Amino acid sequence: MTDLKSMLATWAEKFRPHAEGVDLPPHHEQCLGCGPDNPHGHHLQVRRYGDGVVAEHTFDNRHVGAPGIAHGGAVATVIDDLYGFLLYLVGAPAVTRQLTVDYRAPVMIGTPYRMEAGVTNQEGRKLFLAASLTDRDGFLVATSTAVFVTVGVDHFTRGTQ
């Protein structure tokens, strides 16, 4: 299990400029969205794409809501985690303040989807973000907007003393 001290020690390498097309490092090894060591996670692999990020993802039977369809919470989890990779490009840690997902069509189990996210605006500590989820034919199945707020390291160390 990843401890907080180990996670914070890796931030210097993560919150810095990353080259176009480069795979971005997971937030930490046990992250529900991208952690490679989390047996219940999505194992999201994200790369830089222009001023934003992109990922391919296929939901599996661990993510079922209605038969054959991904649970809306699983979809929201992956989108929220995708937004977390934008923070590497912004250069600062932040937390989700508001997350909205517009489910336009069922997100099917076993179907590959392309996810893209970017920063649409920044006002002080507030980051305004947008994302989309499309199938291989380019059909839009979900969109999202979010507000993240940048925070200092002390945010993550509260209650750990």
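The values are calculated or read from the model by the stated rules, or taken from the named source; none is laboratory data. Note that this is a predicted model, so its numbers are computed, not measured. So basically every Cβ, Gly included, is an ideal-geometry build from the backbone, and we count neighbours across all protein chains shown.
Meeting the requirement of 2 or more residues that are of a type in the set (Ser, Thr, Tyr), the strands (runs of 3 or more DSSP E) wholly within the stretch 44-161 are 94-103, 112-123, 126-135, 140-150. Taken over the stretch 133-150, the criterion of being crowded, with 16+ Cβ neighbours inside 10 Å and of a type outside the set (S, T, N, Q) is satisfied by LEU133, VAL141, ALA142, ALA146, VAL147, PHE148. Picking from residues in the stretch 67-89 that are without any contact (Cβ under 8 Å) to a residue 24 or more places away in the chain and more than 15 Å from the chain's Cα centre (by Cα), the one that is nearest to ALA146 (Cα to Cα) is HIS71.
Every condition in (1) surrounded by fewer than 16 Cβ atoms within 10 Å (Cβ to Cβ); (2) touching a helix residue (DSSP H, G or I) at 6+ places or on another chain (Cβ under 8 Å); (3) not aliphatic (A, V, I, L, M) holds for GLY73 except the one numbered (2). Considering only residues in the stretch 90-118 that are small (Gly, Ala, Ser) and under 14 Å from the mean Cα position of the chain (by Cα), the one that is nearest to LEU140 (Cα to Cα) turns out to be ALA117. Candidates in the stretch 90-116 are the residues that are touching a residue at least 60 places away in the same chain (Cβ under 8 Å) and more than 24 Å from VAL153 (Cα to Cα); of these, the one that is surrounded by the most Cβ atoms within 10 Å (Cβ to Cβ) is MET115. Which residue out of TYR113, TYR103 is modelled with pLDDT of 95 or more and under 18 Å from LEU129 (Cα atoms)? Going through TYR113, TYR103 in turn, just one is modelled with pLDDT of 95 or more and under 18 Å from LEU129 (Cα atoms): TYR103. Starting from residues that are of a type in the set (Gly, Ala, Ser) and surrounded by fewer than 16 Cβ atoms within 10 Å (Cβ to Cβ), keep the ones in the stretch 31-66 and report whichever is farthest from the chain's Cα centre (by Cα). Top of the filtered list is ALA66.
For (1) within 26 Å of ASN121 (Cα to Cα); (2) at pLDDT 90 or above, each residue gets a yes or a no:
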site: LEU4; (1), (2): no, no
site: ASP23; (1), (2): yes, yes
site: GLU29; (1), (2): no, no
site: ASP51; (1), (2): yes, yes
site: ALA55; (1), (2): yes, yes
site: ASP60; (1), (2): no, yes
site: PRO67; (1), (2): no, yes
